[in-house]
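Here the structure is laid out as structure tokens; the discussion comes afterwards.
The values are calculated or read from the model by the stated rules, or taken from the named source; none is laboratory data. Bear in mind that the values here come from a model prediction, so they are computed numbers and not experimental data. As a convention, Cβ positions derive from the backbone with ideal geometry for all residues, glycine included, and neighbour counts pool all protein chains shown. Note: areas computed on protein heavy atoms with side chains; ligands, DNA, RNA excluded. Shrake-Rupley method; radii C 1.70, N 1.55, O 1.52, S 1.80 Å.
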Amino acid sequence: MLGRLYNAAEFLEVHTYENVVRWAKQIDEREAVKRGRIVNRPFGEEWEQVLERHSAKDIDDILAKAPKA
């Protein structure tokens, strides 16, 4: 939907589903979603990867490296 793993947006004409796009972006901004997306992720930027999670601090430490928007 948001084109992170592959870009199907054009094929699916995602732009025509305004409410679905709005909903996906709204969900994407949730703190729990940001945290969950990086757990056990072996690819992407350094601040997007937590290969092994032993505590919430592991996630906090990685997210602290993310560039500020």
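Quick look at the numbers
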quantity	calculated
For the chain, diffusion coefficient by Stokes-Einstein and Kirkwood Rh (Cα), 37 °C, 0.692 mPa s, µm²/s	242 µm²/s
Cα lying deepest toward the dipole's positive end in the chain, options 44, 12, 55, charges on Cβ	55
Surface share of carbon and sulfur [accessible, 1.4 angstrom probe, percent] for the chain	54 percent
Inter-label distance, nm, simple model (7 Å from Cα along the C-beta direction), residue 17/residue 54	4.1 nm
Extension gain (nm, one decimal) between residue 1 and residue 41, 0.36 nm per residue minus Cα-Cα	12.5 nm
Residues of the chain: accessible area per residue with a 1.4 Å probe, Å²	84 Å²
